[in-house]
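The values are calculated or read from the model by the stated rules, or taken from the named source; none is laboratory data. Since we're looking at a predicted model, the values are computed, not measured. FYI the Cβ positions are ideal-geometry reconstructions off the backbone, even for glycines, and counts take in every protein chain you see.
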Amino acid sequence: MARITLTDAKVKSLKAAPKGTRKQYMGALALGFGVRVTDKGVKTYHLQVRFPGSANPARREIDEPPWKRPARRRGNGRPS
């Protein structure tokens, strides 16, 4: 399992895994955060940590990382 700095450009440049396999890359800066690449090139973000009450670490898939979500519009702070 490779530990790399996961930037947007780096994730976009990751190649598909060999047929019938998946490659997993863990982030060097955020512990437990990573991306998994399938043989079809599909990239899935995940968090792998030990959750309370569990003896072993578990992996949870993330829909998309926070920096890729569209910014939510905020009002100007004045009541309408």
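Annotations for the structure displayed:
- Condition check for residue 71: surrounded by 12 or more Cβ atoms within 10 Å (Cβ to Cβ) and either modelled with pLDDT under 90 or part of a loop (DSSP other than H, G, I, E, B) (or both): no
- Matching residues in the range 40-65 - criterion: being β-branched (Val, Ile, Thr) and over 18 Å from residue 28 (Cβ atoms): 42, 44
- Neighbours by Cβ (under 7 Å, 6+ apart or cross-chain): first from the range 8-30, surrounded by 15 or more Cβ atoms within 10 Å (Cβ to Cβ); second among the small types (Gly, Ala, Ser): 16/41; 23/17; 24/34; 25/2; 25/34; 26/34; 27/34
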